[in-house]
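**Student:** Let me begin by handing over the structure; questions about it come next.
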Amino acid sequence: MYILIGGEKVELSERQETIIDIVKENGPITGENIAEKLSLSRATLRPDLAILTMAGFLDARPRVGYFYTGKTGSELLTEKVKQYEVSQFQSVPVVVKEDASVYDAISTMFLGDVGTLFVVNTANRLSGVVSRKDLLRASLGNQELNSIPVHIIMTRMPNITICYAGDALIEAAKKLIDKQIDALPVVKEMKDGLQVTGRITKTNITKVFVELILE
Ligand code: ADP
């Protein structure tokens, strides 16, 4: 079993696992009694008990002792992931103006190394989204990529799926799956529209998954 401390995954020590077993069987049990069962001093156990309590495996009640919260490692992991916010994982958005040409949009996509561009109006507010396939479709059999503005081919507001910096990351991930899209603009509501402040993509979500398991 392992715990997450400040986002870091830490393997439980053998002694900590034993403490959990003792509390599972005997709880509520005082620190003194746990120490006795392990033939250790109360002081030696203090850091382990503090870690297990902090991580949510054990709970402590004054004058009652320690008891097992009944949460497994994966339940605690789930709780942790549910606390992740979009703002902690978002990337920098790459935007183009509505009157940028399809040719410009393709160049911007390459230079920005992104798969989705957000389109903004003259007031710099979100007006649409352009994906790789939108650009491929517009390019098929078309020689005049310099003369078609992106606003002609983009998916436009109000049909844009968005998220906010304070949203739970898992909600943003769910939107990507439900809508079968690669990216969401992270937006901030302004008087005259939505300001694009970030981007959440399938890559951001994949990174979280790998970090949680491997790091
Ligand atoms: P691709 O089309 O390159 O596979 P996506 O799956 O992201 O990339 O896009 C599929 C379609 O959905 C495209 O037409 C695109 O304009 C649109 N789209 C992409 N992201 C969004 C979004 N956040 N909100 C609404 N529509 C989107």
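**Student:** Under the 0.36 nm per residue contour assumption, what length would be gained going from the current alpha-carbon distance of V81 and L212 to full extension?
**Tutor:** That works out to 46.3 nm of additional length.
**Student:** Considering only A35, A173, A165, give the residue with the highest GNM mean-square fluctuation for the chain, with springs between Cα atoms whenever their separation is below 10 Å.
**Tutor:** Comparing A35, A173, A165 in a Gaussian network model of the chain, the most mobile one is A35.
**Student:** Which lysines, if any, have their Cα less than 28 Å from the Cα of K188, not counting same-chain residues under 8 positions apart?
**Tutor:** Counting by Cα, and skipping residues close in sequence, K188 has these lysines nearby: K80, K82, K97, K133, K174, K175, K179, K202, K207.
**Student:** Further, regarding this structure: Stretch K133-I170 to full length: gain in nm at 0.36 nm per residue minus the Cα-Cα span?
**Tutor:** Length gained between K133 and I170: 10.7 nm.
**Student:** In nm, to one decimal, how far is the modelled label at E144 from the one at D178, with both set 7 Å along Cα→Cβ?
**Tutor:** 4.0
**Student:** Could you identify which residue out of A105, A138, A168 has the top mean-square fluctuation in a GNM of the chain using Cα springs shorter than 10 Å?
**Tutor:** In this elastic network of the chain, the residue with the biggest mean-square fluctuation among A105, A138, A168 is A138.
**Student:** Could I ask something else about it? Assign unit charges at the C-beta atoms only (+1 for Lys and Arg, -1 for Asp and Glu), then state the dipole size of the chain relative to its Cα centre in Debye, rounded to the nearest 20.
**Tutor:** Taking the Cα centre of the chain as origin, the dipole is about 360 debye.
**Student:** A follow-up question, please. Contour minus end-to-end for S13 and N124, with contour as 0.36 nm per residue of separation and end-to-end as the Cα-Cα distance?
**Tutor:** Going from the current span to full extension adds 34.6 nm.
**Student:** Still on this structure, I have one more. Can you tell me the 0 to 90 degree angle between the C-alpha axis of helix 42-54 and the longest principal axis of the chain, rounded to 10?
**Tutor:** 30
Read-outs throughout are calculated quantities, based only on the coordinates presented, and are distinct from any laboratory measurement. Not measured: the values here are computed from a predicted model. Backbone-built Cβ (ideal geometry, glycine too); neighbour counts: all protein chains shown.
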